[in-house]
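Novice: Please find one structure pasted underneath; my questions will follow.
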Amino acid sequence: MIDEIFEDAEIRMKKSLGTLRKELSKLRTGRANTALLNHIRVDYYGTNVPLNQVATLVVSDARTISINPWEKSMIPVIDKAIIESNLGLNPMSASEIIRVPIPALTGERRQEITKVARAEGESAKIAIRNIRRSSNSDLKYWLKEKEITEDEERSGLARIQELTDRFVAQVDVIVAAKEKEIITI
């Protein structure tokens, strides 16, 4: 019973970390990274599809992403989608390839992005704490139903707290690494 609650909490907390990593990968750091364009969707014959399903994305140098559409007719559609994504990027079309230069970030913009990264980290911590609260209430429910003893409940609560502390520490490490990446010129 307690092991099932613990395993469920651990799985859900891992998903929270995965979501944090995904959200942080969208933040611009001044370096070219194809993950920056992963959430962009384009209209492909009436269907909204991710950009990487209609083109090949490659980091050609430290500050440029090259996009090679599989169909030449997709070039204007991709250009428009990138411009409308509000990432502050200006794609340049050159015959069959779209080049997206990643502009250098100003110090002020770096601070703003760092604040966004911290906010994403705080959201992940809140999600992890909510999972802890849910697991603790499950333990209390099973104690009330007399399925577990008070000692088992106490040890279960301690295990859930240790798990929570471990995942919160991982969030701090991930956010600190992203902040370092953003601030590094």
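Novice: Where does each of 80, 125 land when they are ranked from fewest to most other beta-carbon atoms within 10 angstrom?
Specialist: 80, 125
Novice: Compute a Gaussian network model of the chain, connecting alpha carbons closer than 10 Å, and tell me which residue from 95, 155, 123 fluctuates the most.
Specialist: 95
Novice: Output the relative contact order of region 34-101, whole-number percent, from Cα pairs under 8 angstrom with separation of 6+ residues.
Specialist: In percent, rounded to a whole number, it is 27.
Novice: If you take every residue apart from residue 144 with its C-beta less than 12 Å away from the C-beta of residue 144, what net charge results, scoring Lys and Arg +1 and Asp and Glu -1?
Specialist: -3
Novice: With point charges of +1 on the Cβ of Lys and Arg and -1 on the Cβ of Asp and Glu, referenced to the Cα centre of the chain, which listed residue (48, 33, 124) lies farthest in the positive direction of the dipole?
Specialist: Of 48, 33, 124, it is 33.
Novice: Let me ask something additional. In whole percent, what relative contact order does the chain give with Cα contacts below 8 Å and a gap of six or more residues?
Specialist: Relative contact order, the chain: 26 percent.
Novice: Another question, if that's okay. Quick one: net charge around residue 127, please, counting Lys, Arg +1 and Asp, Glu -1 for every other residue with C-beta under 12 Å from its C-beta.
Specialist: Summing Lys and Arg as +1 and Asp and Glu as -1 gives +4.
Novice: Additional query: What dipole magnitude, in Debye to the nearest 20, does region 34-101 give about its Cα centre under +1 on Lys/Arg Cβ and -1 on Asp/Glu Cβ?
Specialist: Approximately 80 debye in magnitude.
Novice: Kirkwood hydrodynamic radius for the chain: how many Å is it when counted over pairs of different Cα atoms?
Specialist: Mean inverse Cα-Cα distance, inverted, gives 19.2 Å.
Novice: Give the Debye-formula value of log10 I(q)/I(0) at each listed q (0.12, 0.17, 0.20 Å⁻¹), with one equal scatterer per alpha carbon of region 34-101, two decimals each.
Specialist: -0.24, -0.50, -0.71
Novice: Something else now. So between residue 155 and residue 71, what do we pick up on full extension, going 0.36 nm a residue minus the alpha carbon distance?
Specialist: 24.3 nm
Novice: So, one more: If you add up the charges near residue 72, with Lys and Arg at +1 and Asp and Glu at -1, over every other residue whose beta carbon is less than 13 angstrom from its beta carbon, what do you get?
Specialist: My count for the surroundings of residue 72 gives -3.
Throughout, read-outs are computed from the coordinates displayed, never taken from laboratory work. Since the model is a prediction, treat every value here as computed from it, not as a measurement. Backbone-built Cβ (ideal geometry, glycine too); neighbour counts: all protein chains shown.
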